[in-house]
Each structure stands twice: as C-alpha cells, then as structure tokens.
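Colleague: Encoded as structure tokens, here's the structure I'll be asking about.
The values are calculated or read from the model by the stated rules, or taken from the named source; none is laboratory data. If you're wondering where the values come from, they're calculated on a predicted model, not measured in any experiment. Cβ: placed from backbone, ideal geometry, glycine included. Neighbour counts: every protein chain shown. Surface accessibility is based on the protein's heavy atoms, side chains included, excluding ligands, DNA and RNA. Shrake-Rupley method; radii C 1.70, N 1.55, O 1.52, S 1.80 Å.
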Amino acid sequence: MLYPISTKSRAVHSLNGVWRFMQGAHSPQEVLSTNEVMVVPTSFNDVVVDKDKRSYIGDNWYETEFSVPRLDSKEELVIRFGSVTHHGAIYVNGQFLGEHKGGFTPFEFVVPEELYQEETIRLTVCVNNELNYTTLPVGNYVEEVQEDGSVRKKVLENFDFYNYAGIHRNVHLYTRPKNHIKDIIVTTQLSEDLSEAVVKVDVQSVTPVEEVRMTIFAEDKKVVGRLENGQLHIQSPRLWEVLDAYLYSVRVELWEKGELVDTYTESFGIRSVKVENGQFFINQKPFYFKGFGKHEDTYINGRGLNEAANLIDLNLLKEIGANSFRTSHYPYSEEMMRLADRMGIVVIDEVPAVGLFQQFSAALDLLGDGEKQRNTWELMQTKEAHEQVIDELIARDKNHPSVVMWVVANEPASHEDGARAYFKPLIERMRETDPQHRPVTLVNIMMATPDKDQVMDLVDVISLNRYYGWYVHHGDLSKAEKGLREELLRWQSLYPDKPILITEYGADTLPGLHSMWDIPYTEGYQIDYYTMNHGVFDEISNLVGEQVWNFADFETNVMLIRVKGNHKGLFSRNREPKQVVREFKKRWLAIPDYHYKSK
Ligand code: BDP
C-alpha cells in the first residue's frame, strides 16, 4: 500500500488536530454533540485523565469537519488512516463508508462522488477497542455487571503491554486520479560479488495505460537510468548498508495520449538477505544483530504516533552501538519504517500475533480462578485475523530495505498440540506473499523448549525469548547460566543449520536502586544478569544476535508482577539511561556488525 505523498498528480492534506470525542452509544447520522475533544493522533487513554474513561472498553466516537478541495472529473478523494486501534468504522455525513479490523495497519476509502459538491464533509470515526479470541492481539473479553445493574465491558490483556487505543496514526485526505497507480513492487537482485544489481519494478494501475515510464534516481537526484520492460541493470550499485543507508528512488509515471495520468515516487534500497549455514547474511556478509525489542509507548501519547520519540530512540540505539530492533509486538508506524530505512537500522517486522497462549494470562495473574484451562488452538479463532495482518503488513512494508525478516507470532503456545497445523500455512503464506521472500521466524516462548516445541523446524531462524536469571532461577545467576547454556546447546544440535537469535532477555530494574548483594531489581543485578547472558551467547557459534527486552520501560496493565509498568528497559520510560547502558555501549561498540561469529 502506497504511503500518501504529494506528487504532480496527488495532493495530500492532513486531518490531524483536535476532533470532537465521546465514549458510549451514538448514532453517526446525528452530529456528535459533546463538550469533549481529543487529539488525533494519540491514544486517548492517558489524555482523558478520568480513571473510568481511561480504561473504557467499547465505542469511542471521533468527529471532525473538512472542506472538500477542488477536484476535476478525473480525480477522486481518499480518506486514509495510518491506524485505528483496534477497529474503525468510518462515516461521512452520517453515511457508512467502510470499516477496518486490526489496530496497526493503514486503510483508506474513496469518498462517494455525490459528496464532492458539498461545502464541508463531516467525518465520523467509531473506534472500538475490544479484543477477544478472534482478534490480534488476543484479549480476554468479559462483561461485568456493576452494582447499579449496568454492564461494563473489560479486556484483560493476554499480553504484557497496556491496551492503548484511539486514532493512533496520521489521518490524511488526498486527491488522486481515478485511474491511478495502485501499487509499486520493487525487487532487487544482487550478483554474488555485489558488483551488479537488477532492479525490477512492477506497477499496478486501476486500468492499463498506453505507457508506464519508470526512472531510477540516485540520492543526489541524478538519473541512474530508465527501466526497460520493468527492469534496469545497475553496475557497481551503492548498497543499502547497515548504519550506512543509501536510498535510490523510482519515479513511476502513467501516460495516456501524451498526458501524464498519475505519478508516484517510491524509495528503495539495494541489499541482499539470506540465511545459510547457521548464519544470517546481509549483503553476503554474516550479520550480528545488536539491538532491542521495543514498544510504541511514550508518556502522554501512549501508543500514538510520536515522531520525536521515534527519532530519539533510533539516535539512542545508534549511540549505544546497536544496529537493529524488532517491532514487538505489532507493526510500527509507516513513519518509523521510513526512518529506519533512512538511518540504516535493521528491522525485524512483526505482526500483532501476541497472546496466542491460553495459559499466558494465568501466568501473568490476569484471570480469575474460575477460568478453566483449555487448549490454545481449540480456543483461539484467530486464523482469519492472522491471514489478514500478514497480507496487510507485507503489502505495506515489502519495499523497505530495513526489513530483513518477518515474525509470524510472538510467544504462541507452540508446544501445544494444534500449533503446527495452525502455523504451517501461515508461515508459507508469509514466504510466498513477500516479493523479496525474506526469512520468516517465530519468536519462541520459554515453555516451548526444544523437546516440547512443535514448529521451529518450519522457520528460518530460531528466535528465542529467554529469561534465565529472571523468570527462571530468579536471582541465581550461576544456576541460570547453566540452564541457558544447556538449552542453547540443545537448540544448536537440533538445528545446526539454523541461526539462533535471542529476541528477548532482560531483568526489571528500578533506576537508583542498589544493594550490597545486587539483588533483583537493582541496577547491579541488571548488569550482572547481562554479563552472564553475554558470556554464554559468545560461546554459541550460530547465535547471530542479541536483542534486549526492552529498549525502554513501558506501560502495562495492573498486575502483581508490574510496578507501574514493565521496567526491563535499558532506558527509563522518559529515555534516561540506566547504569547498564554504559556496559552495553562497551560491549556493542566492540562487536562489529559483520563477521562476529564467522566460522
Ligand atoms: C515476554 C513477552 C513480552 C513481555 C516480557 C516480560 O514477549 O511482551 O513484556 O516477556 O515479561 O513474555 O517482560
């Protein structure tokens, strides 16, 4: 799906700003009559202040007006949402336009032509934040009868982050030709010695045109060449390199009877990715991932787009010697993906498939005693949502050079019967749908040990979330070390040709907390915990990277094991470093991006 940009044939307007807001029942045929307002984009939760409104589950109504820009008869008007979490129903002048399920991918609708003559259009959005066993992420949905007899909806998160909601990303209004470029698919093929690249561009338009012109530009805007039959050979291409990004762009033009019908410019990078002999190669060199699992999570904005936070995060990431992050546990904003492309940061791109483990909620103390434990794969009805998010994520992110791997799910119950039948077709779908055929991984949970797991043979990289010294052997680092080593060696002998990637390891730490005995939660324990882990990682030849859990402290639901959120960040929630950051900086600056584990 194309990102909204202005070109000769397209004009983009922002609909961000202050909208009217109301929670509860409303008929969109009526004007939303309310004294409350809400900022778009942001999560509403931390902005409304009132406790009940913050945790409200159900319909949240947003409304604004805009005047219709001038259009000629060959143009159409589109309303586009970067994301609405988790379900958006869109109305114009009270008329239903369409809806979208899933809170982390963009969608758009064409405004009906009969409204183009109107002076203004009233845009109403119903944002529903319910989660259940058919949605991704998975939530435990309950309805509680209150003392006054009213029913309050609740979602008990089946995952460890706060269920922020709202119009989370940019809302754009844009004009484009009715016969327009629907999609641009860029693939590049690099020769073994990296001396030549074949760039292929596939353009999809609404109806075929006489001529499609495609020109590739270098970063300095000089013409590299024009495509013939959808392809161009580039000699000695400048590669998109880790922390040294180079972005080419392709300008696509649709021509009909000597007239320019539509034009769009897409940037791309030339780089290769492959998994072979237990190593992860970027541009033919074995790469070592240094970085983080993150969250889109900041004070005030919650999960709402915060571009300044995105930039400081990637600047801090570079400062500490890292080179990558995982979009745990959902697709991040398009703006973040573009920033990663620009800055040469490697991204592991994850769909919002989190919570696919029935007992996870019990482990996190979320469910009452009455809840019977059933089998995850009989209970969850997420197949349809899962297919949809895979298709939407790949449609959105396929051209990003920063994306080197897809994640089909985080910590599902891959040790329970039914997991294999559930995941096999999804993993195949991910591989086949991606025009670049990037590697696919599944992030394995600590209970799904090598003897119990039923799916890891299906993926390209063994991604492990392991908490030896935290959830396992809490506070006992020597037992933890032994356990970690044993388990990693078992994975290695089971899949000698597959790289192992540590996608999570971490320990909750309160800045400023110290103890003579470096007990858990102190800054001293966090340092010792990581030192122990790194010692073991360095022993394992096909362990190709370490991504810390988490980049920064983040908000969660209220739970026994959470003290105002999850404190496993290397940085606090306001991005101040904990003591361990200086240790990481030493280690990561000493580890090269390439050839660290070459045999
Ligand atoms: C894993 C999850 C992550 C949690 C983390 C933790 O993947 O979302 O926040 O552990 O417990 O279970 O800190």
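Colleague: Hey, does segment 316-325 have a residue that's within 16 Å of the ligand (Cβ to nearest atom), open to solvent by less than 10 Å² (accessible area, probe 1.4 Å) and either within 24 Å of ILE394 (Cβ to Cβ) or not hydrophobic (A, V, I, L, M, F, W, C) (or both)?
Modeller: yes
Colleague: Restrict the check to segment 79-92 and report whether at least one residue is β-branched (Val, Ile, Thr), open to solvent by less than 10 Å² (accessible area, probe 1.4 Å) and over 19 Å from TRP61 (Cβ atoms).
Modeller: no
Colleague: Which of (1) modelled with pLDDT of 95 or more; (2) within 16 Å of the ligand (Cβ to nearest atom); (3) of a type in the set (A, V, I, L, M, F, W, C) is the odd one out, the single condition VAL389 does not satisfy?
Modeller: It is condition (2) that VAL389 fails.
Residues are listed down the side, and each one gets a yes or a no for (1) assigned to a loop (DSSP other than H, G, I, E, B); (2) of a type in the set (Lys, Arg); (3) touching a residue at least 60 places away in the same chain (Cβ under 8 Å):
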residue: ASP518; (1), (2), (3): yes, no, no
residue: ASN533; (1), (2), (3): no, no, yes
residue: THR556; (1), (2), (3): yes, no, yes
residue: ILE561; (1), (2), (3): yes, no, yes
residue: ARG582; (1), (2), (3): no, yes, no
residue: PRO592; (1), (2), (3): yes, no, yes
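Colleague: A further question on this structure: Which of the residues spanning segment 211-249 are touching a residue at least 40 places away in the same chain (Cβ under 8 Å), open to solvent by 60 Å² or more (accessible area, probe 1.4 Å) and more than 30 Å from LEU316 (Cβ to Cβ)?
Modeller: Answer for segment 211-249, where residues must be touching a residue at least 40 places away in the same chain (Cβ under 8 Å), open to solvent by 60 Å² or more (accessible area, probe 1.4 Å) and more than 30 Å from LEU316 (Cβ to Cβ): GLU211, VAL212, ARG213, GLN235, SER236.
Colleague: Within the group PRO208, PRO177, which residue is farther than 30 Å from CYS126 by Cα and either modelled with pLDDT of 95 or more or open to solvent by less than 10 Å² (accessible area, probe 1.4 Å) (or both)?
Modeller: The match here is PRO208.
Colleague: Considering only segment 226-240, state which residues are touching a strand residue (DSSP E or B) at 6+ places or on another chain (Cβ under 8 Å) and assigned to a strand (DSSP E or B).
Modeller: Those that are touching a strand residue (DSSP E or B) at 6+ places or on another chain (Cβ under 8 Å) and assigned to a strand (DSSP E or B): ARG226, GLN231, LEU232, HIS233, ILE234, GLN235.
Colleague: Now a separate question. Residues that are within 15 Å of the ligand (Cβ to nearest atom) and of a type in the set (A, V, I, L, M): does segment 588-596 have at least one? Let's see the steps before the verdict.
Modeller: So in segment 588-596, the residues within 15 Å of the ligand (Cβ to nearest atom) come out as none.
Within segment 588-596, none of the residues are within 15 Å of the ligand (Cβ to nearest atom) and of a type in the set (A, V, I, L, M).
Colleague: Still on this model: Based on this model, can you work out whether GLY103 counts as open to solvent by less than 20 Å² (accessible area, probe 1.4 Å), on the phi > 0 side of the Ramachandran plot and not charged (D, E, K, R)?
Modeller: no
Colleague: When residues of segment 451-481 are filtered for being aromatic (Phe, Trp, Tyr) and either more than 16 Å from the ligand (Cβ to nearest atom) or over 30 Å from ALA421 (Cβ atoms) (or both), how many remain? Walk me through how you get there before you give the answer.
Modeller: So in segment 451-481, the residues aromatic (Phe, Trp, Tyr) come out as 467-468, 470-471.
With the extra rule that they be either more than 16 Å from the ligand (Cβ to nearest atom) or over 30 Å from ALA421 (Cβ atoms) (or both), the set shrinks to 468, 470.
Qualifying residue count, segment 451-481: 2.
Colleague: I'm trying to understand the selection: among the residues of segment 553-569, which are out of contact with any Lys or Arg (no Cβ under 6 Å at 6 or more places or on another chain) and open to solvent by less than 20 Å² (accessible area, probe 1.4 Å)?
Modeller: PHE554, MET559, GLY565, ASN566, LYS568, GLY569
Colleague: Take the residues in segment 270-294 that are assigned to a loop (DSSP other than H, G, I, E, B) and either open to solvent by 10 Å² or more (accessible area, probe 1.4 Å) or among the acidic types (Asp, Glu) (or both); name whichever of them is farthest from VAL347 (Cα to Cα).
Modeller: ASN277
Colleague: Being assigned to a loop (DSSP other than H, G, I, E, B) and open to solvent by less than 30 Å² (accessible area, probe 1.4 Å), is that true of even one residue in segment 250-269?
Modeller: Within segment 250-269, one or more residues are assigned to a loop (DSSP other than H, G, I, E, B) and open to solvent by less than 30 Å² (accessible area, probe 1.4 Å).
Colleague: Spot the failing condition for SER27; the list is (1) touching a residue at least 12 places away in the same chain (Cβ under 8 Å); (2) under 14 Å from CYS126 (Cα atoms); (3) more than 26 Å from the chain's Cα centre (by Cα), and only one is missed.
Modeller: Failing condition for SER27: (1).
Colleague: Would you pick out the residues in segment 386-429 that are aliphatic (A, V, I, L, M) and without any contact (Cβ under 8 Å) to a residue 60 or more places away in the chain?
Modeller: Result: ILE390, ILE394, VAL408, ALA409, ALA413, ALA419, ALA421, LEU426, ILE427.
Colleague: Oh, and also: Being over 16 Å from ARG326 (Cβ atoms), in contact with a Phe, Trp or Tyr (Cβ under 9 Å, 6 or more places away or on another chain) and away from the ligand (no atom under 12 Å from the Cβ) is the filter here; which residues of segment 428-447 pass it?
Modeller: The answer is ARG431, ASP434.
Colleague: Moving to a separate point now. Restricting attention to segment 148-169, report how many residues are within 13 Å of the ligand (Cβ to nearest atom) and of a type in the set (Ser, Thr, Tyr).
Modeller: Summing the residues that are within 13 Å of the ligand (Cβ to nearest atom) and of a type in the set (Ser, Thr, Tyr) in segment 148-169 gives 1.
Colleague: Out of curiosity, is GLY569 at positive phi, touching a Phe, Trp or Tyr at 6+ places or on another chain (Cβ under 8 Å), in contact (Cβ under 8 Å) with a residue 12 or more places away in the chain and within 16 Å of the ligand (Cβ to nearest atom)?
Modeller: Considered against the rule, which asks whether it is at positive phi, touching a Phe, Trp or Tyr at 6+ places or on another chain (Cβ under 8 Å), in contact (Cβ under 8 Å) with a residue 12 or more places away in the chain and within 16 Å of the ligand (Cβ to nearest atom), GLY569 comes out as no.
Colleague: What number of residues within segment 114-154 satisfy the criterion of being assigned to a loop (DSSP other than H, G, I, E, B), more than 30 Å from GLU65 (Cβ to Cβ) and open to solvent by less than 70 Å² (accessible area, probe 1.4 Å)?
Modeller: Matching residues across segment 114-154 total 11.
Colleague: Could you run through segment 50-74 and say how many residues are buried (at least 20 other Cβ atoms within 10 Å of the Cβ) and acidic (Asp, Glu)?
Modeller: Qualifying residue count for the region: 1.
Colleague: Would you mention how many residues in segment 533-550 are within 17 Å of PRO511 (Cβ to Cβ) and either away from the ligand (no atom under 12 Å from the Cβ) or touching a Cys at 6+ places or on another chain (Cβ under 7 Å) (or both)?
Modeller: 0
Colleague: Going through segment 331-364 one residue at a time, which ones are at pLDDT 95 or above and either at positive phi or in a helix (DSSP H, G or I) (or both)?
Modeller: GLU334, GLU335, MET336, MET337, ARG338, LEU339, ALA340, ASP341, ARG342, MET343, GLY344, GLY355
Colleague: Still on this structure, please answer the following. Can you confirm whether segment 157-173 contains a residue that is outside any strand (DSSP E or B) and open to solvent by 40 Å² or more (accessible area, probe 1.4 Å)?
Modeller: To start, the set of residues in segment 157-173 that are outside any strand (DSSP E or B) comprises 158-165, 168-170.
Okay, now just the ones that are also open to solvent by 40 Å² or more (accessible area, probe 1.4 Å), so none.
Taking every residue of segment 157-173 in turn, none turns out to be outside any strand (DSSP E or B) and open to solvent by 40 Å² or more (accessible area, probe 1.4 Å).
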